[in-house]
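K.L.:
Attaching a single structure in structure tokens format; questions to follow.
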Protein chains: 2
Amino acid sequence: MSTPLFNHITIIGPGLIGSSILRRIQKDRSIAKTSTAYDIDPKVCDRVRVLKIADQVVNDPEEAVQTADCVVLSVPVGAMGSVTKEITPYMKKGSILIDTGSTKASVINAIKPYLTENMTYVPSHPMAGTEFSGPDAGYDTLFENHWCLLTPTEDSTPESIEKITKFWQMMGANIRCLEVKHHDKVCAIISHLPHLLAFTICNTVNHLSEETRTEVLDYAAPSFRDFTRIASSDPTMWRDVFINNRKALLEMLARFTEDTQAMAKAIRWQDGEYITDTIVQARKIRKSIVDDK
Amino acid sequence: MSTPLFNHITIIGPGLIGSSILRRIQKDRSIAKTSTAYDIDPKVCDRVRVLKIADQVVNDPEEAVQTADCVVLSVPVGAMGSVTKEITPYMKKGSILIDTGSTKASVINAIKPYLTENMTYVPSHPMAGTEFSGPDAGYDTLFENHWCLLTPTEDSTPESIEKITKFWQMMGANIRCLEVKHHDKVCAIISHLPHLLAFTICNTVNHLSEETRTEVLDYAAPSFRDFTRIASSDPTMWRDVFINNRKALLEMLARFTEDTQAMAKAIRWQDGEYITDTIVQARKIRKSIVDDK
């Protein structure tokens, strides 16, 4: 057997993303010889033990990282800073730290102050996920054929970037390197804004009078069902994403609101041509995406 | 063999909905002994001939309806009035006219002036559909386990309501009778608004600078993909729905916009509690819908 990519990987926060990484390692030992899982919540640790998806599960952050040559932070983006502070003093020389957060500028800012010269840091964002969360929700093919975006900083050495690129490729992902700000802008429109709209429309339905609300649930059209599916994602994760990418997200929401108001005006004044044009343009985007695959 | 529900059904506008009805009839002859298809567009008629999904395809509206005991209007809601005007003079005594439009107040208003004493009229709205359109897009199980909402008027006799209820049940649908205005309000939020938002977000992406736009298409997250799928629906159909249900739709959009702005404010001021509460409420709606099934 050839040497595995890493000797020992530690997953901090084995939720949907973290537990999927653990499962993939179990299936492909050329990624890592040993895996360790740690979570701040002892119930999550217990669940990972029951699922038997990590070689060891520890309840102490120091113990979790001290022998790891790669530490993966897959916690809500708002918790990245405090978790990093707890673990970096114990990380060994030459180790690599990565995160899997959906926002990058804020996560890099939160992690940077706690980095030591022992480690290099490669910010990464696997663009995969479902509406489910927790260690039970993961599966070993979660990243298969999805993008993983890397946003290297001056704390990322060429060797660590290369190794982490290999790591995500072995998870099944396709890799691209992006500039940090640009990443946050692109993700604001393709992921954060759609989630915000989905959460909000469900909230609007909640505010309708009880009678209409019940019927809305009864008759839920396929389009509304899609929104509710997106809206069933993890609250803590998304609260943190919205707050941490607020600048890009609010800019995209402002653009979107302008476009919505233009559409509302066209509908009020029965401007069929404007409405048709908008829909025709919208369909083209779908076509580009589908043709791309 | 027992007597079929109808002797002769005519479908005006054999698109996604109309062609699915035709296909179901072909599979279950207890619905109708004979089926006729007519479309204003000769190319659609030709296509239906090639698909062999109707017993006969005619290019003349008079010929299409004169021997039918049930005529189904499945044309864009903006065309309901003009099509009705063309056919009702030729419909035979005791026949039933139904439409399949997604808006009901405007369609009833458009059809009513052209009804004669020869026929009764039962407005109906099968809540089924995909993002595809045209006679090729239909399939015989489209209505299976979906709702079909009826909004009877004073022009609907009890006998015709009963017969049309049976008709949609034989299509596989579950039936509910609703008051017209209430129908339009419920559909505005569960179907029309989600489509408006989906079209608009694609439009917002179109307006982004060329570089970001390309990347948005490259990286399209699952949530954005769902939006583009919804947004690839038929332009003429949706233009007509938006304009014809504009009162209810604009009211729902106004409520939604208020909720969006409240969310934007919470994000700007980092009000984590408000954001989490909104998401937790949104998830509950999903749970109600999923538990319902």
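K.L.:
Provide a whole-number value for the mean count of partner chain Cβ atoms within 10 Å of the Cβ atoms in peptide B:269-279.
P.N.:
Other-chain Cβ atoms within 10 Å of each residue's Cβ, averaged: 6.
K.L.:
Okay, next question. Placing +1 at every Lys and Arg Cβ and -1 at every Asp and Glu Cβ, with all other atoms neutral, what dipole size does the protein assembly as shown have around its Cα centre, in debye to the nearest 20?
P.N.:
I would put it at about 460 debye.
K.L.:
Once Lys and Arg get +1 and Asp and Glu get -1 on their Cβ, which of B:245, B:204, B:232 lies farthest toward the positive end of the dipole of region B:186-250?
P.N.:
Positive-most Cα among the choices belongs to B:245.
K.L.:
Okay, next question. Output ³J(HN,Hα) for region A:119-131: one whole-Hz value per residue in order, computed from phi by the Karplus curve 6.51 cos²θ - 1.76 cosθ + 1.60 with θ = phi - 60°, and x for Gly and Pro.
P.N.:
My calculation for region A:119-131 gives 10, 10, 10, 10, x, 9, 9, x, 8, 9, x, 10, 7 Hz in order.
K.L.:
If you build a Gaussian network model of chain B, linking Cα atoms that sit under 10 Å apart, which residue out of B:65, B:180, B:205 swings the most?
P.N.:
Top of the fluctuation ranking is B:205.
K.L.:
Right, something else. Rounded to the nearest 0.05, what FRET efficiency is calculated for residue B:258 and residue A:28 with R0 set to 60 Å and r the Cβ-Cβ distance?
P.N.:
0.75
K.L.:
So the label point sits 7 Å from Cα along the Cα-to-Cβ vector; using that for residue B:284, what distances do you get to the other copies, in nanometres, sorted shortest first?
P.N.:
Sorted ascending, the copy-to-copy spacings read 4.3 nm.
K.L.:
Averaging sequence separations of C-alpha pairs under 8 Å and six or more residues apart, then dividing by the length of chain B, give the relative contact order as a whole percent.
P.N.:
16
K.L.:
Would you work out the charge dipole size for chain B about its Cα centre, treating the Cβ of every Lys and Arg as +1 and the Cβ of every Asp and Glu as -1, and quote it to the nearest 20 debye?
P.N.:
The calculation lands at about 440 debye.
K.L.:
Sticking with this structure for a sec: Please give the charge dipole size of region B:158-212, origin at the Cα centre, charges +1 on K and R Cβ atoms and -1 on D and E Cβ atoms. Round to the nearest 20 debye.
P.N.:
340
K.L.:
A further question on this structure: Could you give me D for the protein assembly as shown, from Stokes-Einstein at 37 °C and 0.692 mPa s, where the hydrodynamic radius is the Kirkwood radius over C-alpha pairs? Units µm² s⁻¹, please.
P.N.:
126
K.L.:
Give the angle, between 0 and 90 degrees and rounded to the nearest 10, that separates the Cα long axis of helix B:210-219 from the longest principal axis of the Cα atoms of chain B.
P.N.:
Tilt relative to chain B: about 70 degrees.
K.L.:
Cα centroids of region A:241-293 and region A:137-163: how far apart, whole angstrom?
P.N.:
With region A:241-293 and region A:137-163 each reduced to a Cα centre, they are spaced 30 Å.
K.L.:
Would you please report the Å³ per residue occupied by the convex hull of the alpha carbon atoms in chain A?
P.N.:
Here the figure is 153 Å³ per residue.
K.L.:
Quick one: work out the % antiparallel among DSSP beta bridges in region A:6-178, nearest 5.
P.N.:
Within region A:6-178, antiparallel bridges account for around 10 percent of the total.
K.L.:
How would you classify region B:128-192 from its alpha-carbon gyration tensor, with a ≥ b ≥ c the square roots of the eigenvalues: rounded for a/c under 1.5, else prolate if a/b is greater than b/c, otherwise oblate?
P.N.:
oblate
K.L.:
Considering only Cα-Cα distances, which of the following residue pairs are longer than 21 Å: A:43/A:166; A:52/A:104; A:43/A:112; A:181/A:247; A:27/A:166; B:92/B:163?
P.N.:
Beyond 21 Å: A:43/A:166; A:52/A:104; A:43/A:112.
K.L.:
Moving to a separate point now. For residue B:269 and residue B:225 in the same chain, what is the full-extension length gain: residue separation times 0.36 nm, less their Cα-Cα distance, in nm?
P.N.:
12.9 nm
K.L.:
Could I ask something else about it? Can you tell me the FRET efficiency between residue B:67 and residue B:174 if r is taken as the Cβ-Cβ distance and R0 is 30 Å, rounded to the nearest 0.05?
P.N.:
Result of the calculation: an efficiency of 0.45.
K.L.:
Could you pull the copy-to-copy label distances for residue B:153, with points set 7 Å along Cα to Cβ, in nm to one decimal and sorted shortest first?
P.N.:
Distances to the matching label points in the other copies: 6.5 nm.
K.L.:
What nm distance separates the two modelled labels at residue B:153 and residue A:153, each placed 7 Å from Cα along Cα→Cβ?
P.N.:
Taking the two extended label points, one gets 6.5 nm.
K.L.:
Any chance you could give the angle, 0 to 90 degrees and rounded to 10, that helix B:42-51 forms with the longest Cα principal axis of chain B?
P.N.:
It is inclined by approximately 80 degrees.
K.L.:
Label-point separation (nm) for residue B:287 and residue A:166, each offset 7 Å from Cα along Cα-to-Cβ?
P.N.:
Computed distance between label sites residue B:287 and residue A:166 equals 4.5 nm.
K.L.:
Okay, moving on. Distance in whole Å from the B-onto-A rotation axis to the closest C-beta of chain B, together with the residue it belongs to, please.
P.N.:
Checking which Cβ lies nearest the axis yields B:226, 2.
K.L.:
Right, something else. Can you give the average number of partner chain beta-carbon atoms within 10 Å of each beta-carbon in peptide A:141-151, as a whole number?
P.N.:
1
K.L.:
Express in nm, to one decimal, how much length is gained between residue B:116 and residue B:41 on full extension, taking 0.36 nm for each residue of separation and deducting their alpha carbon distance.
P.N.:
Difference between extended and current length: 24.4 nm.
K.L.:
If I build a Gaussian network model for chain A, linking alpha-carbon pairs within less than 10 angstrom, which residue out of A:41, A:155, A:240 has the largest mean-square fluctuation?
P.N.:
A:41
K.L.:
Also, quick follow-up: Please compute P(r) over all alpha-carbon pairs of region A:1-133, binned at 10 Å starting from zero, and give each bin as a whole-number percent.
P.N.:
The calculated distribution, bin by bin, is 13, 47, 35, 5, 0.
K.L.:
Count, for each residue of B:206-218, the Cβ atoms from other chains sitting within 10 Å of its Cβ, then give me the mean as a whole number.
P.N.:
Partner-chain Cβ atoms within 10 Å, mean over residues of B:206-218: 5.
K.L.:
Please state the relative contact order of region A:164-277 as a whole percent: Cα pairs under 8 Å, 6+ residues apart?
P.N.:
29
K.L.:
What nm distance separates the two modelled labels at residue B:280 and residue A:56, each placed 7 Å from Cα along Cα→Cβ?
P.N.:
In this crude spin-label approximation the distance works out to 3.7 nm.
K.L.:
Taking the Cα centre of the protein assembly as shown as the origin and placing charges on Cβ (Lys, Arg +1; Asp, Glu -1), which of B:223, B:153, A:35 is farthest toward the positive end of the dipole?
P.N.:
A:35
K.L.:
Additional query: If you count the DSSP beta bridges with both ends in chain B, what percent of them are antiparallel, to the nearest 5?
P.N.:
In chain B, approximately 10 percent of DSSP beta bridges are antiparallel ones.
K.L.:
Collect residues whose amide H, placed 1.01 Å from N in the peptide plane, falls under 5 Å from the amide H of residue A:99; neighbours closer than 5 in sequence don't count.
P.N.:
A:73, A:122, A:124
K.L.:
Could you pull the copy-to-copy label distances for residue A:210, with points set 7 Å along Cα to Cβ, in nm to one decimal and sorted shortest first?
P.N.:
5.8
K.L.:
A further question on this structure: Taking chain A as a Gaussian network, where each spring joins two C-alpha atoms under 10 Å apart, which residue of A:117, A:154, A:211 fluctuates the most?
P.N.:
A:211
K.L.:
Around residue A:6, which amide H atoms from residues at least 5 apart in sequence, or from another chain, sit under 5 Å from its own amide H, with H modelled in the peptide plane?
P.N.:
Amide H to amide H, under 5 Å and 5 or more residues apart or across chains, residue A:6 pairs with A:32, A:33.
K.L.:
How big is the antiparallel share of DSSP beta bridges in the protein assembly as shown, given as a percent to the nearest 5?
P.N.:
Among the beta bridges of the protein assembly as shown, antiparallel pairing accounts for roughly 10 percent.
K.L.:
First check a/c for region B:86-151, with a ≥ b ≥ c the square roots of the eigenvalues of its C-alpha gyration tensor; if it is under 1.5, answer rounded, and if not, answer prolate when a/b is larger than b/c or oblate otherwise.
P.N.:
It comes out prolate by the Cα gyration axes.
Every number here is computed from the coordinates shown, using simple stated rules; none is lab data. The shown structure was predicted, so the numbers you read here are calculated from the model rather than taken from an experiment. Neighbour counts are summed over all protein chains in view; Cβ atoms, including those assigned to glycine, are modelled from backbone coordinates with ideal geometry.
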